[in-house]
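Novice: Once you've had a glance at the structure underneath, I'll fire off some questions.
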Amino acid sequence: CLRMVYVHKAESIIILAKEDAPDPDAQTALIALAINQVCKAEAEKSKVKPRFPHIVADVVNHRKTQHLKDTSVNEIVCPTDYGIGLLAQSAINPGLVQVYDQLLRFTSDENELYMLDSGELPQELTPGKATFKDIGSWLEEKSRPTENPVILLGFFRQGKPILNPQKESATLEENDKLIVLSYCCPCLSDL
């Protein structure tokens, strides 16, 4: 069945937990393993190096997160964990639910989060020299007058987000991505 939908050619795959299954997270792990097997088998058949899709999975029990990572799931979302954190933060900061709601809503008239390749920055904003403040100021200056203002939120470095970086991690490094907030995906080379 997975071969018929060409999972081996997919860029990304989302696996949603079937919550009424006896063990939804085990079922998700089996699906991820099956996807990898199909990718390996198709690569062997074509005599090419296996290419695996980026797999994002929904997990019901946050204690099973590591099991899913062991099956090569790249990213895991546990709605229960986010819900508990949001409840706690909203109790301390009333109104915060609306902020998260707006950030997580995907419509043409709302801001969305994007990750951009820092290699598209102008030459004066080079890794090792440009700081979070430098890049944020440049984005503010170049994009604020447009219909798509861009706000720098942080860097994505070595697989981890660094939001509002402190001094020691505030300088752009090679291969960092920029985490930004804007109405649509900005093209840095157009700014």
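Novice: Longest exposed-loop-site-free stretch of the chain, with trypsin sites (Lys or Arg not before Pro), DSSP loop and at most 16 other Cβ within 10 Å?
Specialist: 130-191
Novice: Within segment 117-191, which GluC sites (Glu not before Pro) sit in a loop by DSSP and count at most 10 neighbouring Cβ atoms inside 10 Å?
Specialist: Those satisfying the criteria are Glu124, Glu147, Glu174.
Novice: Averaged per residue, what accessible surface does segment 1-68 expose to a 1.4 Å probe, in Å²?
Specialist: 68
Novice: Oh, and also: At each listed q (0.12, 0.21 Å⁻¹), what is the log10 of I(q)/I(0) that the Debye formula gives for segment 1-132 modelled as equal alpha-carbon point scatterers?
Specialist: Taken in order of the listed q values, log10 I(q)/I(0) reads -0.73, -1.14.
Novice: Next up: Could you tell me the ratio Rg/Rh of segment 119-175? Both radii from Cα atoms, Rh via Kirkwood.
Specialist: 0.96
Novice: How many percent of the accessible area of segment 6-137 is carbon or sulfur, using a 1.4 Å probe?
Specialist: So the carbon and sulfur contribution to the accessible surface is 57 percent.
Novice: If you place +1 on the Cβ of every Lys and Arg, -1 on the Cβ of every Asp and Glu, and leave all else neutral, what size is the dipole of segment 42-167 about its Cα centre, to the nearest 20 Debye?
Specialist: 640
The values are calculated or read from the model by the stated rules, or taken from the named source; none is laboratory data. Because the structure is predicted, anything quoted here is derived from the model rather than measured. We place every Cβ from the backbone using ideal geometry, glycine too, and count neighbours over all the protein chains shown. Just so you know, the surface numbers come from the protein's heavy atoms only, side chains and all, with ligands and any DNA or RNA stripped out. Shrake-Rupley method; radii C 1.70, N 1.55, O 1.52, S 1.80 Å.
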